[in-house]
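Here is the structure we will look at, set down as structure tokens.
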Amino acid sequence: MDLLRFITAGSVDDGKSTLIGRLLYDSKSILIDQLEAIEKQSKNREEGEIDLALLTDGLRAEREQGITIDVAYKYFSTPKRKFIIADAPGHIQYTRNMVTGASNSDLAIILIDARNGVVEQTRRHSIIASLLSIPHVVIAVNKMDLVDYSQDVYNNIVIDYAKVARATGLKDVKYIPISALQGDNIVERSTNISWYEGGSLLDILENTEVQKDLNYKDARFPVQYVIRPQTDDLHDYRGYAGKIISGVYRVGDPVVALPSGLKTRISGIEINGKRVEEAHVPQSVTLLLEDDIDISRGDIIVKDEALPKTEQELEALVCWMDAKPLVPGNKYLLQLNSRVVRAVVKNIEYKLNVNTLEKDYSPGRAELNDVFRAVIKTASPISFDRYDELRENGGAILIDETSNVTVGACMIQ
Amino acid sequence: MKQYRSDYLDHLESEAIHIFREVAGQFEKPALLFSGGKDSITLVHLALKAFRPGKFPFPLVHIDTGHNFPEALAFRDNLANSIGEKLIVRKVEDTIREKRLTEPVGKFASRNALQTYTLLDTIEEFGFDACIGGARRDEEKARAKERIFSVRDEFGQWNPKLQRPELWNTYNGRIHKGENVRVFPISNWTELDIWNYIRRENIQLPSIYFSHEREVLEHEGQLVAYSSFIRLDPGDKIVTRTVRYRTVGDMTCTAAVESKADSVEDIISEIIATKTSERGETRIDDKVSEAAMEDRKKNGYF
Ligand SMILES: Nc1nc2c(ncn2[C@@H]2O[C@H](COP(=O)(O)OP(=O)(O)OP(=O)(O)O)[C@@H](O)[C@H]2O)c(=O)[nH]1
Ligand SMILES: [Mg+2]
């Protein structure tokens with residue numbers, strides 16, 4: 001069985017949490033005691049029906065305010081697939097939490113309230129989905145029950161959104177009219193929307209191909225930790241522990257350690273202490289090398305067929321996630337997989353206007369939730385790929401050294 | 001080109017091993033909090049995969065409430081012994097005595113809340129900067145919200161409204177002195193995933209997870225193990241039932257389920273067919289309020 005990770009995104013109150021509740025409810029993934037608990041809470045709030053959003057809004061503050069603050073992760077499976085759902089907040093104030101949930105997703109469902117059409121947060125989340133290179137996007141036009149299941153309303157929104165999709169460069173975009181509250185087109189196709197010809201939302205989720213999104217070509221192995229038992233029988237054992245984030249490694253393969261550039265060959269691959277001949281993404285393994293060269297955490301072991309860039313300057317599209325603004329010249333730590341280096345943001349080239357999708361070339365500084373392109377200089381060399389070519393080795397975070405908080409998400413260009 | 005495929009359990013396993021190695025790479029003094037239940041036993045199995053043939057770069061730490069199942073304690077000692085890793089045990093009993101804490105009273109007086117004191121003292125005693133735990137997001141709605149690297153302040157408190165962004169598989173474990181990070185490598189596993197993995201990897205578990213006869217007290221629909229830790233009231237009847245445990249916590253706050261399942265296979269069939277959640281069926285302490293778990297976490301609980 002394979003795995004699909006997806007996120008629900010879109011503006012506040014567009015029905016993301018309700019949709020997930022509905023998906024779990026209609027696929028019979030909610031257990032009796034969980035249902036009883038939300039039924040009780042729904043009644044506490046003097047509402048007639050059960051409020052399915054309560055299933056994911058797990059914090060007291062969320063239940064009190066009726067909004068989602070941070071991502072909730074939910075799990076369900078059908079005979080076809082296991083799903084990991086990230087229910088993101090729609091509120092602009094919590095955009096960084098949406099970014100958190102989106103960063104690991106194979107697919108994004110972006111909801112649009114049929115009554116409101118495309119709004120600023122729809123565009124913002126679309127930009128983020130595009131920046132993060134989420135491979136598949138489903139535009140779910142929700143609350144169709146409130147517009148009499150009108151095909152015209154739906155078509156107009158599709159036409160409108162197609163412009164956003166083009167401008168943001170989203171590739172695989174599907175559209176579906178739904179009512180999360182009533183359950184139309186969620187698990188079963190709805191008779192209320194007979195003019196819609198595609199499958200239900202669950203059909204789409206079950207049938208979107210994701211295995212081929214894995215990259216078996218470019219070999220990348222960031223070293224996380226060096227295993228050195230130093231016992232009598234394993235005196236000279238040095239195992240490089242890490243996860244193959246892309247590509248395939250075989251015993252005997254010539255490899256290069258970066259950023260040093262030192263070359264050697266793979267003398268052994270171990271999984272769980274046992275020798276194997278080959279290993280591939282996404283396995284966590286231990287590599288043994290022929291020569292005793294200097295490699296430690298933060299280095300990356302690659303094959304020299306397709307090398308990443310190794311430089312001290314890079315350009316990146318950045319989502320700013322901190323209340324403290326970024327002023328060019330500010331210093332941070334930059335973490336790319338296991339490598340952490342000192343970095344300075346030299347300048348901001350442009351800032352993206354979320355409404356017009358135009359570039360503002362005189363941005364000054366960047367504030368919370370801004371998306372911008374910046375030049376970053378690092379104190380020592382770092383080996384990276386372009387995010388849109390190899391997202392596993394092209395996404396870095398910026399850390400504020402004084403607060404230790406993660407303040408920026410960098411998609412390296 | 002050759003076709004490679006990965007099962008979802010392979011993804012989950014690799015993700016967990018990666019998280020373990022990030023802890024080893026980023027922290028000076030980590031610890032693995034070991035409860036003796038199936039989730040922490042699974043953690044130990046994953047840690048073996050992450051670090052063998054080397055030693056674990058952390059000890060196993062057990063906060064012993066004094067209300068544990070004897071089977072779980074024996075299993076704990078055996079496991080630590082057989083893998084040759086260090087086990088540190090700290091007792092809630094001692095904290096109660098030294099700090100003159102008030103023992104909770106009542107029918108099923110639980111030391112669950114007092115555990116937090118012993119845990120925080122132990123973190124301070126050894127200077128642990130990261131504590132690895134076996135919590136899963138499918139267990140409870142507040143847990144569903146927590147990051148994999150969850151930063152706690154000096155008082156062990158979780159601030160759910162101000163969690164760090166956590167992108168891709170990049171974990172930021174930087175903290176100020178006095179703070180610590182709780183790390184949850186099996187965040188994305190469900191109860192069924194755990195059992196499927198236990199079956200696949202042939203992981204050994206304490207006997208109480210499998211069907212056995214036990215003297216229990218039937219209380220409000222739940223079966224509580226008869227022990228000296230619970231108070232019997234007039235009218236209480238002790239009966240013998242064929243049961244197993246779905247979770248293993250304290251004897252006072254974990255209930256048994258009636259079951260004849262005596263193999264991992266049978267347990268998996270039962271879990272697939274079940275209509276109640278793990279916590280709903282077996283935890284006596286979560287029903288107090290909607291936000292019971294959130295509140296405990298805010299106070300430093302795991
Ligand atoms: N009529 C109707 N109401 C809906 C539908 N989907 C959601 N709602 C209602 O819209 C309101 C907001 O729903 P939520 O699911 O909480 O919205 P959300 O998108 O999760 O909101 P945030 O997470 O705070 O951004 C609730 O009152 C829902 O009952 C729908 O299909 N039809
Ligand atoms: Mg919501």
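General observations
- Candidate cross-link partners of B:Lys237 among the lysines, defined by an alpha-carbon separation under 24 Å and a same-chain spacing of 8 or more, comprise B:Lys107, B:Lys260, B:Lys287.
- Normalised contact order of chain A, rounded percent, pairs of Cα under 8 Å and 6 or more residues apart: 12
- Other-chain or far-sequence residues with amide H under 5 Å of A:Val407's (modelled H): A:Leu398, A:Ile399, A:Asp400
- For chain A, modelled as a GNM whose springs connect Cα atoms under 10 angstrom apart, the maximal fluctuation among A:Leu289, A:Leu262, A:Leu107 occurs at A:Leu262.
- Spin-label model distance (nm) - A:Lys346 vs B:Asp295, 7 Å beyond Cα toward Cβ: 5.5
- Most mobile of B:Trp168, B:Trp158, B:Trp189 in a GNM of chain B (Cα contacts under 10 Å): B:Trp168
- Given their separation in residues at 0.36 nm each and the Cα-Cα distance between them, A:Thr310 and A:Tyr237 gain 23.4 nm when the chain is fully extended.
- Neighbouring partner chain Cβ atoms per residue of A:213-219, average, 10 Å criterion: 1
- Computed over the alpha carbons of the stretch A:220-303, Rg followed by Dmax gives 11.6, 35 Å.
- Chains B and A together, accessible area buried on both sides, 1.4 angstrom probe, square angstrom: 6100
- Low-density loop cleavage sites - trypsin sites (Lys or Arg not before Pro) in the stretch A:196-266, where at most 15 other Cβ are within 10 Å (DSSP): A:Lys217
- Residue-wise HN-Hα couplings along the stretch A:52-64, as the Karplus relation 6.51 cos²θ - 1.76 cosθ + 1.60 with θ = phi - 60° gives them from phi, are 5, 5, 5, 5, 9, 6, x, 9, 4, 4, 5, 5, 5 Hz; Gly and Pro carry x.
- Per residue, the convex hull spanned by the Cα atoms of the protein assembly as shown amounts to 159 cubic angstrom.
- Helical mean residue ellipticity (222 nm; -39500 (n - 2.57) per DSSP H run of 4+; nearest 500) of chain A: -5500 deg cm²/dmol
- 222 nm mean residue ellipticity, helices alone, for chain B (DSSP H n ≥ 4; -39,500 (n - 2.57); rounded to 500): -10000 deg cm²/dmol
- For A:Asn369, distant residues with modelled amide H under 5 Å away: A:Trp320, A:Met321, A:Asp322
- The label point for B:Asn78 and the one for A:Ser403, both projected 7 Å from the Cα toward the Cβ, are 5.1 nm apart.
- 3J(HN,Hα) from dihedral phi, the stretch A:77-91, Karplus parametrisation 6.51/-1.76/1.60, rounded to Hz, x for glycine, proline: 9, 10, x, 8, 7, 9, 10, 10, 9, 10, 8, 8, x, x, 4
- Mean sequence separation of contacting Cα pairs (under 8 Å, at least six apart), scaled by the length of the stretch B:220-260, corresponds to a relative contact order of 51 percent.
- Estimated vicinal HN-Hα couplings, Hz - the stretch A:278-284 in sequence order (Karplus 6.51, -1.76, 1.60; Gly, Pro = x): 8, 8, 9, 4, x, 6, 8
- Percent carbon-and-sulfur accessible area, the protein assembly as shown, ignoring ligands, DNA and RNA, probe 1.4 Å: 47
- Proportion of all alpha-carbon pairs of the stretch A:175-273 beyond 23 Å (%): 55
- The GNM of chain A, with springs linking C-alpha atoms under 10 angstrom apart, assigns the highest mean-square fluctuation among A:Leu146, A:Leu357, A:Leu23 to A:Leu146.
- Cα shape, the stretch A:102-163, gyration tensor, a/c 1.5 rule: prolate
- Cα-based shape type of chain B, given that a ≥ b ≥ c are square roots of the gyration tensor eigenvalues and the cut on a/c is 1.5: oblate
- Heavy-atom accessible area per residue - chain A, 1.4 Å, Å²: 39
- Evaluating kT/(6 pi eta Rh) at 10 °C and 1.306 mPa s, with the Kirkwood radius of the stretch B:94-250 over Cα pairs in the Stokes-Einstein relation, gives 84 µm² s⁻¹.
- Under 5 Å, built H, 5+ apart or other chain: amide partners of A:Asn142: A:Ile112, A:Asp113, A:Ala114, A:Ile178
- Cα-based shape type of the stretch B:144-237, given that a ≥ b ≥ c are square roots of the gyration tensor eigenvalues and the cut on a/c is 1.5: oblate
- Once the Cα-Cα distance is subtracted from the 0.36 nm per residue extended length, the B:Lys99 to B:Asp236 segment shows a gain of 45.9 nm.
- Percent breakdown of C-alpha pair distances by 10 Å bin, ordered from the shortest bin, for the stretch A:89-194: 15, 46, 33, 6
- For the cross-link pairs A:Lys171/A:Lys303; A:Lys163/A:Lys359; A:Lys82/B:Lys161; B:Lys29/B:Lys161, the ones whose C-alpha atoms lie over 20 Å apart are A:Lys171/A:Lys303; A:Lys82/B:Lys161; B:Lys29/B:Lys161.
- Treating each Cα of chain A as an identical point scatterer and summing with the Debye formula, the log10 of I(q)/I(0) at q = 0.06, 0.07, 0.11, 0.14 Å⁻¹ comes to -0.29, -0.39, -0.90, -1.24.
- Of A:Lys40/A:Lys143; A:Lys309/A:Lys377; A:Lys263/A:Lys309; A:Lys243/B:Lys49; A:Lys16/A:Lys40; A:Lys324/A:Lys346, those spanning more than 19 Å from alpha-carbon to alpha-carbon: A:Lys40/A:Lys143; A:Lys16/A:Lys40
The values are calculated or read from the model by the stated rules, or taken from the named source; none is laboratory data. These numbers come from a predicted model, not from an experiment. Please note: Cβ atoms are built from the backbone with ideal geometry, for glycine as well, and neighbour counts cover all protein chains shown. Only protein heavy atoms, including side chains, enter the accessible area calculation; ligands, DNA and RNA are left aside. Shrake-Rupley method; radii C 1.70, N 1.55, O 1.52, S 1.80 Å.
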